[in-house]
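Asker: Sharing a structure below in structure tokens format, with a few things to ask.
Computed from the coordinates by the stated procedures, all read-outs in this text should not be read as laboratory data. What you see is a predicted model; the values in this text were computed from it and never measured. Cβ: placed from backbone, ideal geometry, glycine included. Neighbour counts: every protein chain shown.
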């Protein structure tokens with residue numbers, strides 16, 4: 001009997017994934033572990049068990065637990081940054097609307113990640129890897145804030161950059177407050193919007 005068209009085509013063995021696919025599978029499984037068991041339970045060995053792979057595979061992709069946590073933090077951050085960019089496409093040309101959209105989107109992104117980013121960051125706290133990745137990721141948010149607020153600011157670029165560094169820090173602090181149950185998402189967003197607007201109105205063109 002001649003082989004069918006399907007049997008003639010080469011097939012990847014069951015359970016075998018391309019390297020990029022396997023890495024994403026491991027990261028997705030790591031997030032499940034954090035949600036269900038907490039960040040303290042996330043080790044390369046436990047990840048291998050939950051993902052159904054051998055331990056050397058997890059070491060091949062991440063080398064160390066800190067490497068895994070760093071990769072997770074970057075993944076969550078990129079998802080949050082993409083979610084933040086989308087609402088900004090329709091920002092109105094006035095300070096209040098721009099501040100409201102920026103603040104609401106930023107705070108809501110923390111809800112979307114369910115606190116996983118904060119759990120990962122806490123697990124990485126004090127490590128050399130965390131210091132490096134935080135600086136890298138902070139730059140992306142500051143750049144986005146600066147580009148969004150520049151049309152409404154008279155600050156020189158260097159001063160606007162410093163201001164946006166402060167805003168990102170404030171937004172992060174408000175997100176932590178919200179996730180700990182000390183305020184609602186709406187309250188956190190309203191406070192953040194007021195901070196953005198107040199700073200812009202009080203700003204001067206001097207750097």
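Asker: Using only Cα atoms, find the angle between the long axis of helix 128-149 and the longest principal axis of the chain, and express it within 0 to 90 degrees, rounded to the nearest 10.
Answerer: 50
Asker: I need 183, 109 ordered by Cβ neighbour count within 10 Å, fewest first.
Answerer: So the residues, fewest neighbours to most, are 183, 109.
Asker: Fully extended, how many nm does the chain gain between residue 81 and residue 132 (0.36 nm per residue separation, minus their Cα-Cα distance)?
Answerer: Result: 16.5 nm gained on full extension.
Asker: Is the shape of the range 69-163 rounded, prolate or oblate, going by the alpha carbon gyration tensor and its root eigenvalues a ≥ b ≥ c, with a/c under 1.5 for rounded and a/b larger than b/c for prolate?
Answerer: Judged from the Cα gyration tensor, the range 69-163 comes out oblate (a/c at least 1.5, b/c at or above a/b).
Asker: Follow-up question, since we're still on this one. Restricting things to Cα coordinates, could you compute the convex hull volume per residue of the range 15-63 in Å³?
Answerer: Per residue, the Cα convex hull of the range 15-63 comes to 65 Å³.
Asker: Whole number please: convex hull volume per residue of the Cα set in the chain, in Å³?
Answerer: In the chain, the Cα convex hull volume per residue is 168 Å³.
Asker: What is the angle, in °, between the Cα long axis of helix 185-202 and the longest principal axis of the Cα atoms in the chain? Nearest 10 is fine, range 0 to 90.
Answerer: The angle comes out at about 50 degrees.
Asker: A further question on this structure: What do you get for the angle between helix 157-179 and the principal long axis of the chain? Use alpha-carbon atoms, 0 to 90 degrees, nearest ten.
Answerer: Tilt relative to the chain: about 60 degrees.
Asker: Can you put 167, 144 in order, fewest other beta carbons within 10 Å first?
Answerer: Sorted ascending by nearby Cβ count, the order is 144, 167.
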